[in-house]
Amino acid sequence: MAACSSAPERPAPTPLAPLVALQPATQVWNTAIGAVDPLLTPAVHGQTLLLANAAGAVLALDGANGQVRWRVELAQPLSAAAGFDGQTAAVVTQDNELLALNSAGVQWRARLPARVLTAPLVAGQRVFVLANDRSVHAFDARNGAPLWQHRGRTAEALVLQQSGVLLPVGDTLVVGLGGRLVGFDPLNGRIRWDAAIATPRGVNEIERLVDLVGRTGRVGDQLCVRAFQAAVGCVDGASGRLVWTQPADGAVGLSADAERVYGVERNGRVLAWRRDAGARAWSSDALLHRGLTAPLAAGRSIAVGDAQGFVHLLSRDDGTLLNRLSTDGSAIVAGPLLLGNTLVAVTRNGGVYAWRPQ
């Protein structure tokens, strides 16, 4: 107890200097949905924004105006955000129960063997789940029938308590298992390829923790991911070929465009790497110690949220600050999102804000 009380204080956030808005953006709507847990990251499908709040309400919002299209009150706290394919949403409760729902309510339920922190993936009339014991499960999206499961590796003693990697690339299901990116056949769970982004090293379990974190930077079939506190790297999602890796000390996901990969280090340094080979393109220390989210490449800018409720727009070319957008002052959850040409951010207090950059 005494040792904990004498822990060093966190560095103060870098003060925000006056800023001329070089990338204007107009707020087009905002709404409130109730307090949001940090793990309840929003999902986007077309012009629909799907969110869940800490009380267990799941809402589908119209991205054009913020109006509620439908709402389901589960009255059960959730452990993971919602997955959504435009028709079916899938969530996991803190009691390890997978729920499939739509505008009419809950359609079916399935019991899971372990806690889940990563949003389920709904795709191809299936629901895929990555559990905290590194097992992967597939269910029929129509009735919840179990289709297959892959039992995870158990060599690592600890599992990162945040959202991981689970997404489709063509006809391959791509999953982050420890420090590896693994491609599965979604029909039967057979492993097609396995690529190592980082290998556990260190003298204790915490130092050896290298789980892959969401979000993923994707351009075509190439996926760029972060291994917690260890590395960033890019993989060909069709073949599993490792393109490159670079050491990096960060805890949140990446974004990417045709030329660069963008990430945030744990101290708030924003970095860009060349997507072709991983060479560093630029870095910015303008937002050190501000508790930054994963970045988003949007238009000519990189959008990143902070723990004080601001969304910062940085130049893709060199990291220069272009604009600063305000919310309700509570931390931005997960990172900004893009719905068409609308930039959206969700705060811990449940504020949902939408801007249209020029």
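The values are calculated or read from the model by the stated rules, or taken from the named source; none is laboratory data. No experiment lies behind these values; they were computed from the predicted model shown. Every residue, glycine as well, gets a Cβ built from its backbone with ideal geometry; the counts of neighbours run over all protein chains shown.
Under 8 Å between Cβ atoms, at least 6 apart or on separate chains: pull out the pairs that start in segment 330-346 with a residue that is over 10 Å from V311 (Cα atoms) and end on any residue that is of a type in the set (K, R) and buried (at least 21 other Cβ atoms within 10 Å of the Cβ).
Taking only residues 6 or more apart or on different chains, the pairs are A334/R215.
Mind counting the residues in segment 233-280 that are hydroxyl-bearing (S, T, Y) and under 16 Å from the mean Cα position of the chain (by Cα)?
2
Taking the options W193, W108, name whichever one is of a type in the set (F, W, Y), in the same structural domain as G214 (by TED's automatic domain parsing) and not in a loop (DSSP other than H, G, I, E, B).
Among W193, W108, only W193 is of a type in the set (F, W, Y), in the same structural domain as G214 (by TED's automatic domain parsing) and not in a loop (DSSP other than H, G, I, E, B).
Has segment 209-216 got any residue that is assigned to a loop (DSSP other than H, G, I, E, B), without any contact (Cβ under 8 Å) to a residue 12 or more places away in the chain and surrounded by fewer than 24 Cβ atoms within 10 Å (Cβ to Cβ)?
no
Surrounded by fewer than 18 Cβ atoms within 10 Å (Cβ to Cβ) and touching a Lys or Arg at 6+ places or on another chain (Cβ under 6 Å) - does that describe any residue in segment 32-49?
No; the residues of segment 32-49 include none that is surrounded by fewer than 18 Cβ atoms within 10 Å (Cβ to Cβ) and touching a Lys or Arg at 6+ places or on another chain (Cβ under 6 Å).
Given the criterion loosely packed, with under 15 Cβ neighbours inside 10 Å and over 16 Å from T118 (Cα atoms), identify the matching residue among L147, L187, L223.
Residue meeting the stated conditions: L187.
Among the residues of segment 57-83, how many are assigned to a loop (DSSP other than H, G, I, E, B), touching a residue at least 24 places away in the same chain (Cβ under 8 Å) and in contact with a strand residue (DSSP E or B) (Cβ under 6 Å, 6 or more places away or on another chain)?
3
From the list A227, A298, A258, which residue is small (G, A, S), free of Cβ contacts under 8 Å to residues at least 60 places away in the same chain and either assigned by TED's automatic domain parsing to the domain that holds V174 or touching a Phe, Trp or Tyr at 6+ places or on another chain (Cβ under 7 Å) (or both)?
None of the other options fit; the residue is A227.
Looking only at segment 232-242, count every residue that is part of a loop (DSSP other than H, G, I, E, B) and farther than 19 Å from D211 by Cβ and tell me the total.
Adding up the residues that qualify gives 3.
State which residue is nearest to D306 (Cα to Cα) when the search covers only segment 232-250 and only residues that are free of Cβ contacts under 8 Å to residues at least 40 places away in the same chain and in contact with an Asp or Glu (Cβ under 9 Å, 6 or more places away or on another chain).
Top of the filtered list is G250.
I'm checking my understanding of the structure. Among residues of segment 232-247 that are surrounded by fewer than 23 Cβ atoms within 10 Å (Cβ to Cβ) and of a type in the set (A, V, I, L, M, F, W, C), which one is nearest to V175 (Cα to Cα)?
Top of the filtered list is A238.
Table: residues versus (1) acidic (D, E); (2) touching a Gly at 6+ places or on another chain (Cβ under 8 Å).
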| site | (1), (2) |
| --- | --- |
| E265 | yes, yes |
| V270 | no, yes |
| L288 | no, yes |
| R300 | no, no |
| H312 | no, yes |
| D317 | yes, no |
| N323 | no, no |
